[in-house]
Amino acid sequence: MTTASAASASGAAPGPASATASGSGAASGSGAASEPAVSAASEPAVSATGASAAPAPAEPAVPTAPDASASAPWARRRADGATLVCFFVVALMIVPARLVLRGLPLSLTPANILALVAAVCWLCAHFTLTLGMAKGRTPVRTALFVHLTAMVASYGYATYGYLPSDELNLADRALILLVAGAGLALMVCDGVRGADRLDLVLKTAVVAGAVIAVIGACQFLLDLDLTRYLQLPVLRYTSEDGFVTARSDFRRVAATTGHPIEFGVVCAMLLPLAAHYGFQARRLGRGALRWWACAALIGAGLMFSVSRSAVLSLAAVGIVLFLGWPARRRIQTVLVGLAFLALMRLMAPGLISTFYNLFANAGTDDSVRYRTHDYDVAAYEVSRHMWLGRGAGTWYAPKYQVFDNQYLLSAVETGLIGVTVVVALFVCAIYSGLRARHLSADPATRDLGLTLAACLVVPLVGAATFDLLSFATVTGLSFLLIGAAGSLLRTADGEAAARAAGRDAGEDTGTVRWPARVGGAARELLRVPGGASGR
């Protein structure tokens, strides 16, 4: 894989076109600025005898418009980190989660393979200075390093003693998936350079979310499972379980994910991004209908999952966004939400009341009681391996009791250190999004920082209601958004540094504050006559 140059990846505009018709302009996709041609008036005139005459005064350079081909939407450009991540998004979201590659000793999906490729590319690119990979420490990179170190320590502690062969195989697979997730996040953080490339990745995720929402709608409304037509010859199903279950006389659908709960939580993570691009398109006077259509489809998918976890996640997202949105946008969102609920009531009568009963009868709900009865078992297992756990992936059903709580499962498998670093990883990513919002003066960057922070709250909430990191789609999307927060902070840091450098340059060239100018004039008036020339 080749990465774009630093100027291209950071979204910098191409250089000015040559003032002369030299015909040697750089290709628009190369990202390199063309050298300005030397005007004939600035060349020294040569006399007939060969002697060089006095040079004529140079004409002031006339600024020209940038090369239109460089900014054209169809202009070719080199593949970079964002290109690889977009392929990962498509493989993660569109390929059913239960389909894995044939012929491998471990159950790995195509998205897992692409994440491992991204990890290798990130590592190799850091041995060079010419592939556009960002360098330097960021909160996300530090948190990923600490997280991966803790997971490797837990793996070493678990495999130091005896492990049954089945648990050892699962521990090996869990370690590979952890490396793949961390490598993907690092590729997004360091290899997706600039706001335009990050937008490409996130827009791809939104469109893929709309596609799986359509698949979920077909499952819910038509009882048509399109995932049966997505199996390729090189893939096999890990289980024969269907993607459609039932709850309160309604079909609960999973689309291409592993479970309806996962589908609802994924929709809750993608819905703020679709709304963000809808608001930004309207602010810029561009076509916003496609993004609002994606938001409507993703919102419908959330409802079709018939998941309590999805509603809780969406409520957490709404709290974060409402704290940062202006009052007008809050009112608009409330009105649109009410209209959406009315539409859902017409499309699926009884669905709204089903959601209401999920919360009203939570005290007697079997699923809630099942989630809370296993605390004693978890406490006993944690006391046996308190700090590093018994090994990631080694606690699994049906051999052991299922924990529908990722915090409990992480505490059992990776100990108190493991569950702490998992929470710290998401907290650092949320901080990065909010820090980017604080540093940037660009409205789009500021709104995206708030949106990413809201999206990353969802895994923290969802981890309390189901074993979130056991599901491939929501785990891959979580690592993607963690890396996106790191990439956005890099962009905001660059903008802030450029503004600071511009202010410093302005002061050095005479644009100084008025107290300095007044002080200099006063010293000039009070200067004692008689310097070196007056002696």
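The values are calculated or read from the model by the stated rules, or taken from the named source; none is laboratory data. Small disclaimer: the values here were computed from a predicted structure and weren't measured. Heads up, the Cβs are rebuilt from the backbone with ideal geometry, glycines too, and the neighbour counts pull from every protein chain shown. Accessible surface is based on the protein model in full, side chains and every heavy atom, while ligands, DNA and RNA are left aside. Shrake-Rupley method; radii C 1.70, N 1.55, O 1.52, S 1.80 Å.
Where residues in the stretch 477-506 are over 9 Å from the mean Cα position of the chain (by Cα) and within 13 Å of residue 141 (Cα to Cα), which of them is surrounded by the most Cβ atoms within 10 Å (Cβ to Cβ)? If you could, list the steps in order and put the result at the bottom.
First, the residues of the stretch 477-506 that are over 9 Å from the mean Cα position of the chain (by Cα): 489-506.
Checking which are within 13 Å of residue 141 (Cα to Cα) leaves us with 489-490.
Values: 489: 27, 490: 24.
This residue is 489.
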Boolean, residue 346 is assigned to a helix (DSSP H, G or I), under 30 Å from residue 98 (Cα atoms) and modelled with pLDDT under 95
no
Identify the single condition in (1) loosely packed, with under 13 Cβ neighbours inside 10 Å; (2) more than 22 Å from residue 462 (Cβ to Cβ); (3) not acidic (Asp, Glu) that residue 347 does not satisfy, given that it satisfies every other one.
(1)
Would you point out the residue of the stretch 280-298, among those that are buried (at least 19 other Cβ atoms within 10 Å of the Cβ) and touching a residue at least 60 places away in the same chain (Cβ under 8 Å), that is farthest from the chain's Cα centre (by Cα)?
297
Over the stretch 355-385, the set of residues open to solvent by 40 Å² or more (accessible area, probe 1.4 Å), assigned to a helix (DSSP H, G or I) and within 18 Å of residue 411 (Cβ to Cβ) is 371, 372, 375, 376, 377, 379, 380, 383, 384
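Conditions tested, residue by residue: (1) outside any helix (DSSP H, G or I); (2) of a type in the set (Lys, Arg); (3) in contact with a Ser or Thr (Cβ under 8 Å, 6 or more places away or on another chain).
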| residue | (1), (2), (3) |
| --- | --- |
| 302 | no, no, no |
| 309 | no, no, yes |
| 315 | no, no, no |
| 323 | no, no, no |
| 328 | no, yes, no |
| 339 | no, no, no |
| 353 | no, no, no |
Scan the stretch 421-434 and give yes if some residue there is open to solvent by 40 Å² or more (accessible area, probe 1.4 Å) and not in a helix (DSSP H, G or I), otherwise no.
no
Residues of the stretch 87-118 being surrounded by 19 or more Cβ atoms within 10 Å (Cβ to Cβ) and part of a helix (DSSP H, G or I), in sequence order, are 88, 89, 92, 93, 110, 111, 112, 114, 115, 118
Mind counting the residues in the stretch 122-152 that are open to solvent by less than 40 Å² (accessible area, probe 1.4 Å) and under 24 Å from residue 97 (Cβ atoms)?
3
Selection status of residue 253, of a type outside the set (S, T, N, Q), open to solvent by less than 10 Å² (accessible area, probe 1.4 Å) and more than 24 Å from residue 85 (Cβ to Cβ)
yes
Need a quick list: strands (runs of 3 or more DSSP E) entirely within the stretch 182-286 having at least 1 residues that are under 30 Å from residue 340 (Cα atoms).
244-247, 250-253
